[in-house]
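Bear in mind these aren't lab numbers, they're just calculated from the coordinates by the rules spelled out. All figures in this text were calculated on a predicted structure; none of them were measured in a lab. Neighbour counts are summed over all protein chains in view; Cβ atoms, including those assigned to glycine, are modelled from backbone coordinates with ideal geometry.
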Amino acid sequence: MEEKSAKEVNEMIKANPIVKIVDVREQWEYDRGHIENSTHIPMGQIPSSIELFSDTNEYVIVCHHGIRSRTVALYLEQKGVKANLYNLSGGMEQWSDDVDSSIKKYK
């Protein structure tokens, strides 16, 4: 698992539009704003969704501040997922600051 800044993730998406963005926040958080074309899998559903992670893809795991997403990325590694896994450092809060200010911040 590797940490990526919001700007780095944005560049990854531009360079490789098939990179998978997985948002692990709760539904109400996702509904407030999310990265375009992201897949929503709440953190609590990750254990039953491991088969959705292909070893040949790249995944950026996203949450509010980057803590839950880091936990999920490390969990996926421990469970044997061999894909390239990245954590969005600072989460959607940082994404809103650095990439897309239309995403509303929340506490």
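Of all residues in the stretch 27-42, at least one satisfies being among the basic types (Lys, Arg) and touching a helix residue (DSSP H, G or I) at 6+ places or on another chain (Cβ under 9 Å).
The set of residues in the stretch 65-104 that are over 13 Å from ALA6 (Cβ atoms) and either without any contact (Cβ under 8 Å) to a residue 24 or more places away in the chain or in a loop (DSSP other than H, G, I, E, B) (or both) comprises GLN78, LYS79, GLY80, VAL81, LYS82, ALA83, SER102, LYS104.
Within the bounds of the stretch 34-47, is there any residue that is part of a helix (DSSP H, G or I), surrounded by 19 or more Cβ atoms within 10 Å (Cβ to Cβ) and without any contact (Cβ under 8 Å) to a residue 60 or more places away in the chain? There is no residue in the stretch 34-47 that is part of a helix (DSSP H, G or I), surrounded by 19 or more Cβ atoms within 10 Å (Cβ to Cβ) and without any contact (Cβ under 8 Å) to a residue 60 or more places away in the chain.
Scanning the stretch 43-55 for residues that are in contact with a helix residue (DSSP H, G or I) (Cβ under 7 Å, 6 or more places away or on another chain), under 26 Å from LYS107 (Cβ atoms) and not β-branched (Val, Ile, Thr) returns a single hit, MET43. When the stretch 14-33 is examined, which residues are found to be surrounded by fewer than 17 Cβ atoms within 10 Å (Cβ to Cβ) and part of a helix (DSSP H, G or I)? Correct list: LYS14, ALA15, GLN27, TRP28, ASP31, ARG32.
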